[in-house]
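First comes the structure, then the notes that go with it.
The values are calculated or read from the model by the stated rules, or taken from the named source; none is laboratory data. Small disclaimer: the values here were computed from a predicted structure and weren't measured. Positions of Cβ are generated from backbone atoms using ideal geometry, with glycine treated the same way; all protein chains shown enter the neighbour counts. Accessible surface is based on the protein model in full, side chains and every heavy atom, while ligands, DNA and RNA are left aside. Shrake-Rupley method; radii C 1.70, N 1.55, O 1.52, S 1.80 Å.
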Amino acid sequence: MLKTTMKVTFFDKQGTSIADWSGYDATRILRPAFNLGDQLFSGNITSNENMYDWNHLYTVQVDFFTIDTPEVLSVVKDQLVTGRCYPIHIGKKIIGQAEMLTFTYETL
């Protein structure tokens, strides 16, 4: 599994009907998709935060449970670069961005 440390920022939800919604609940499992080299891969975001407020920077762990074999890793290996920013998606909608700080691959 690909394990990373990233700095993430979630964009605000302009135009939402939930006026008092200020961010994502960090106590629940967040599994958005990350665009790693024009392909989307789901990742579990974890941290010690209680809430991810809009437009704030958070250092988090992201475990890519969908990058679980050397074959899948080889598809994105050249796109994994420390300091590079990757869009965070829910479907086609970009909800934030993540900067790669560190990454390791561990066989299960």
Subset of region 26-46 (residues that are part of a loop (DSSP other than H, G, I, E, B) and either in contact with an Asp or Glu (Cβ under 8 Å, 6 or more places away or on another chain) or open to solvent by less than 40 Å² (accessible area, probe 1.4 Å) (or both)): A26, P32, L36, G37, G43
Any hit, region 75-88, residues being under 15 Å from T5 (Cβ atoms), in contact with an Asp or Glu (Cβ under 6 Å, 6 or more places away or on another chain) and open to solvent by 50 Å² or more (accessible area, probe 1.4 Å): yes
Residue within region 4-25 that is open to solvent by 70 Å² or more (accessible area, probe 1.4 Å), touching a Lys or Arg at 6+ places or on another chain (Cβ under 7 Å) and outside any loop (DSSP other than H, G, I, E, B) present: no
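Here are E49, E71: which of them is assigned to a helix (DSSP H, G or I) and acidic (D, E)? Steps first, answer last, please.
On the way: E49 fails: assigned to a helix (DSSP H, G or I).
Exactly one of E49, E71 is assigned to a helix (DSSP H, G or I) and acidic (D, E), namely E71.
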G43 being of a type in the set (G, A, S), modelled with pLDDT under 95 and either touching a Lys or Arg at 6+ places or on another chain (Cβ under 8 Å) or farther than 15 Å from F103 by Cα (or both): no
